[in-house]
1. Over 5 Å intervals from 0, what percent of Cα-Cα pairs in the stretch 50-109 sits in each interval?
2. Write down, largest first, the equivalent ellipsoid semi-axes of the stretch 1-94 in whole Å, where each equals the square root of 5 times an eigenvalue of the alpha-carbon gyration tensor.
3. Quick one: which residues, 5 or more positions from A47 or on another chain, have an amide H under 5 Å from its amide H? H modelled 1.01 Å from N in the peptide plane, none for Pro or chain starts.
4. Which whole-number value in Å³ per residue fits the convex hull of the alpha carbons of the stretch 133-267?
5. Under 26 Å from the Cα of K192, which lysines turn up, not counting those fewer than eight places away in the same chain?
Amino acid sequence: MTVHPTTSPFLAELFGLEGKVAVVTGAGSGIGHGIARFFAEAGASVAIADRNPSAAERVADELNAHADRATWIETDVSAEPDVTRMLRHTLERFGRVDILVNDAGIFPAKLIAHMSLADWERVQDVNLRGAFLCLREAALQMRGQGTGGRIINISSVDSLHPSMPGLAHYDASKGGMNMLTRSAALEFGPDKITVNAVLPGLIATEGVAAMNRGAGPPPTEEFNKRIVLGRIGTPEDIAACVLYLASNAANWVTGQTFVVDGGYLIG
């Protein structure tokens, strides 16, 4: 999907990101990739952070085919030195950070009865610890710049209602992310830094496809039946909401959780 810049000065001012610098974690694939594309189309420079360097480089090359708007860096968000290096790389390349999207996350299915402490901690380390580390470093940079900023956390509808057995560690991490969002919004509001979360429903990503390739019925089959709009979501469905939250249209919105699920939670 290609986003075409508007010719309306009003809409360009409201939704355009010209001159802004964004960091998107987990942007080598899936939802993060879609967000990075939307940001670049809206005029932002984008740092693609992903633990898969070939995927990150591929996305950066895709965005740079039209304009020199992207850089990439291999990043494990659960490792504090990697997060520090990610921010430093972005500053060296673009000079500032205006937007952070915490998208990096993992969801290896395992029932609680068979879940080791290492299984639990790995999910918390990536999904919640990683979000905290990236948020802290980006918010401190934005505070120092003195011009405000935007932080958008990609949570999940599973933070409000478990979708299937085997995701207790993931669901808990995303519930924590929702509260981190609200607490950070309260703390950094005086710095004109907004912090919000987007809670996707079932999205057609590489990770979901891999989960469905196991033996037996696809784990997401029952989930699909509850989507009242009748289809699985796309990365672009989430990217559109994130673009709104990153834009001037959301100047007075902070500490909120936006459910984007095709009506799953009301189904």
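Bear in mind that the values in this text are calculations on the coordinates, not laboratory data. Just so you know, these numbers come straight off a predicted model, no measurement behind them.
1. Answer for the stretch 50-109: a P(r) of 4, 16, 23, 29, 18, 6, 3, 1 percent.
2. They are 24, 14, 11 Å, listed largest first.
3. The list, which skips near neighbours in sequence, is A22, V23, V24, T71.
4. About 114 Å³ per residue, rounded to a whole number.
5. Result set, ordered by chain and number: K20, K174.
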